[in-house]
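The structure under discussion is supplied below as structure tokens; questions concerning it will follow.
Only the coordinates and a few stated rules stand behind these numbers; no lab work does. Note that the coordinates shown come from a computational prediction; the quantities given were computed from them, not determined experimentally. Heads up, the Cβs are rebuilt from the backbone with ideal geometry, glycines too, and the neighbour counts pull from every protein chain shown.
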Amino acid sequence: MFVDLFYQDETAKRNLLSLYNALHDTEYEDENLVRKVKIDDVLYKNFKNDISFEVNGQVLVFGEHQSTVNMNMCLRCLMYVGRAYEQLVDSKARYRTTLVKIPTPEFYTFYNGEKEQPLERVLSLSDAFMNPSGENSVELKVKVININSDE
């Protein structure tokens, strides 16, 4: 249903823009600002319920609704955003000496389980590193939003 609402439904772009506005406290109305990014690859079939889209220089990645908090969501998002950038960035531009500007990534997942969870929680990729150091070359954070909360 999550993917249907944001990708298959005839109001998908309007729904994506509404979601963006809710998360960023904006009031965009032009659906042409939305560019859907869909990973369609047999190797990435695990992402079939995930969605991503670009608005205003930002690419937002949403992991599917979770009835339990998936502590590996950061790893999933890292793999997903790499594939998304393959679609968003011209393949020849990657090898030029000039810097290629890319949309700023944001990662979210919605929690809809029965176990008590905070309204918002942030997962960090660095928590999974085998040999963590003070400063990591790569960091990725996923905001988990509890959609069950009445707050």
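With a point put 7 Å past each Cα toward its Cβ, work out how far Glu27 is from Asn148 in nm, to one decimal.
The modelled label-to-label distance comes out at 3.5 nm.
Still on this structure: For labels at Glu120 and Ser67 in the simple 7 Å Cα→Cβ model, what's the distance in nm?
Once both label points are built, they end up 2.7 nm from each other.
Hey, can you grab everything whose amide H is under 5 Å from the amide H of Gln58? Only 5+ residues off in sequence or another chain; H modelled, so Pro and N-termini drop out.
Amide H neighbours of Gln58: Thr104.
Would you mind getting the Kirkwood hydrodynamic radius of the stretch 52-108 from its Cα pairs, rounded to one decimal in Å?
This gives a value of 12.6 Å.
Averaging sequence separations of C-alpha pairs under 8 Å and six or more residues apart, then dividing by the length of the stretch 61-151, give the relative contact order as a whole percent.
Computed over the stretch 61-151, the figure is 38 percent.
Mind giving me the FRET efficiency for Thr97 and Phe129? R0 is 22 Å, r the Cβ-Cβ distance, nearest 0.05 is fine.
The formula returns an efficiency of 0.10 here.
Could you rank the peptides 26-35, 69-78 by their average count of other C-beta atoms within 10 Å per residue, with the highest value first?
69-78, 26-35
Any chance you could run the full-extension gain for Lys36 through Arg14? It's 0.36 nm times the residue separation minus the Cα-Cα distance, nm to one decimal.
6.8 nm
I've got another one for you. Using +1 on the beta carbon of Lys and Arg, -1 on that of Asp and Glu, and nothing else charged, what's the dipole of the stretch 31-146 about the Cα centre, debye to 20?
380
Could you name the lysines whose alpha carbon sits less than 19 Å from that of Lys38, not counting residues in the same chain fewer than 8 places away?
Here the lysines satisfying the reach criterion relative to Lys38 are Lys13, Lys48.
Share of Cα-Cα pairs in the stretch 87-151 beyond 13 Å, in percent?
Cα-Cα pairs of the stretch 87-151 separated by over 13 Å account for 74 percent.
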